[in-house]
1. Which label marks the calculated value of mean projected area of the Cα convex hull in nm², given the options (i) 17.5; (ii) 21.8; (iii) 28.4?
2. Please work out the C-alpha center-to-center distance from region 160-188 to region 42-71 and express it in whole Å.
3. Can you give me the long-range amide H partners of Met78? Hydrogens built in the peptide plane at 1.01 Å from N, cutoff under 5 Å, separation of 5 or more residues or another chain.
4. Please work out whether region 192-241 counts as rounded, prolate or oblate from its C-alpha gyration tensor, where a ≥ b ≥ c are the square roots of the eigenvalues and a/c under 1.5 means rounded, while otherwise a/b larger than b/c means prolate and anything else oblate?
5. When DSSP assigns beta bridges and you keep just the ones with both residues in region 240-386, what percent turn out antiparallel, to the nearest 5?
6. When every alpha-carbon pair in region 21-100 is counted, what percent end up more than 15 Å apart?
7. Longest segment of the chain with no GluC sites (Glu not before Pro) in a DSSP loop having at most 12 other Cβ atoms within 10 Å?
8. I'd like the Karplus ³J(HN,Hα) series for region 267-275: coefficients 6.51, -1.76, 1.60, θ = phi - 60°, whole numbers in Hz, and an x wherever there's a Gly or Pro.
Amino acid sequence: MKIHEYQAKNILREYNITVPRGEVATTPEMAREIAASLKTRVVVKAQIHAGGRGKGGGVRLAASPEEAFEAAKGIIGMNLVTHQTGPEGKLVRQVLVEEAPEIEKELYLGLVVDRSRERECMVYMASEAGGMDIEEIARTAPEKIVKAAVHPAIGFSPFQARKIAYGLGLDKSLSAQFSNIARSLHRLFVEKDASLVEINPLVITADGNLMAVDTKLNFDDDGLFRHPEIKALRDETEEEPLEVEAVNTGVNYIKLDGNVGCMVNGAGLAMTTMDLIKLAGGEPANFLDVGGGASPEQIEKAFRILTSDPKVKAILVNIFGGILRCDRVATGVVEAASKIKKKLPMVVRLQGTNVEEGRKILQESDLTFEVADELYEAAQKAVELSKR
């Protein structure tokens, strides 16, 4: 789960990490009032779940309350397009108005889970090239990235902070501040079930202090039941509407850019199905895992989500009946298709428990579909139908 920058900074404050003073505004008038109360030069920043806001015109400096008003007037309501939003962009509904500190140097500091190591662990990543995307740094100047692994059984150790500080070339006068920030990030990561903690940039101010000028926090959805205070920060207007509906339905759905809709049970089988669609020359329109215990009602809702995507030109239903019986899936598909006006060509592959019963339910329905016994055959047929 993603949250807004201003929400992330409030959490950093809880962990005694210094961030700029500021508040959120939903109108230009509010932005002017906040700027006036801060009594300093401010920066007005669009609050959307995407990076690259500055390049898209979503971050503007203001030397006075009136300039803050004009900046907010230009940002609030705009459709902000960045490299992370895609060409469709995101509507800006609010801005963060905060003090703009005098900056001597910009750094990058993040904490992520490194799944490429022999044993999964948290890894600090830091760079002198602050203000840039870490992916861009890794691509163009990997030597500028400093890493320090944190074993989950041992936890944070001061030597890791010293290693990073040395790699960043920090003055000794900043070592204690930096160590406290590194320790706090680790505690935040563990206590809040985070999946990403990123400060970019972490700046050295003109008065010789460290400050988190921008930050990004992502949280593990599976850990939200332990953190109602984090779950309450969810902004559904920033998420794909079909994905929000899927969460409320209890199925796993991620919208993609293709035109072959997939309904599968099991994440591994879903990934395989998507790979085979691409191998057959097509593009999957989604990841949709209805899980092992879905009811006909859930399957019906999942089918509605799938067909609500205007890009979908053909549907591939690929079910292996284990815990989720084939007849239950067939019942849900028939019920959903009979209530939906949008008729799309469909390929169905059923294998496993009650497969004959499932096929009989489909055959006795009014649905028009093609049957496939082999998975790659099903993918080929679905791709062919999507191109007609």
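Just so you know, all these numbers are worked out from the coordinates, no wet-lab data involved. Everything quoted here is computed from the prediction, not taken from an experiment. No Cβ is skipped: glycine too gets one built from the backbone with ideal geometry, and neighbour counts run over all protein chains shown.
1. So the structure-derived entry is (ii).
2. 30 Å
3. Under 5 Å from the amide H of Met78 lie the amide H atoms of Val92, each far enough along the sequence or on another chain.
4. Values: a/c = 3.16, a/b = 2.17, b/c = 1.46.
Here region 192-241 falls in the prolate category.
5. Details: 4 of 20 bridges.
Of all bridge pairs located within region 240-386, approximately 20 percent are antiparallel.
6. Details: 1452 of 3160 pairs.
Across region 21-100, Cα pairs with separations above 15 Å total 46 percent.
7. Working: sites that count: Glu88, Glu102, Glu118, Glu120, Glu364, Glu374.
Answer - 121-363.
8. Rounded to whole hertz, the list is 5, x, 5, 5, 5, 4, 4, 5, 4.
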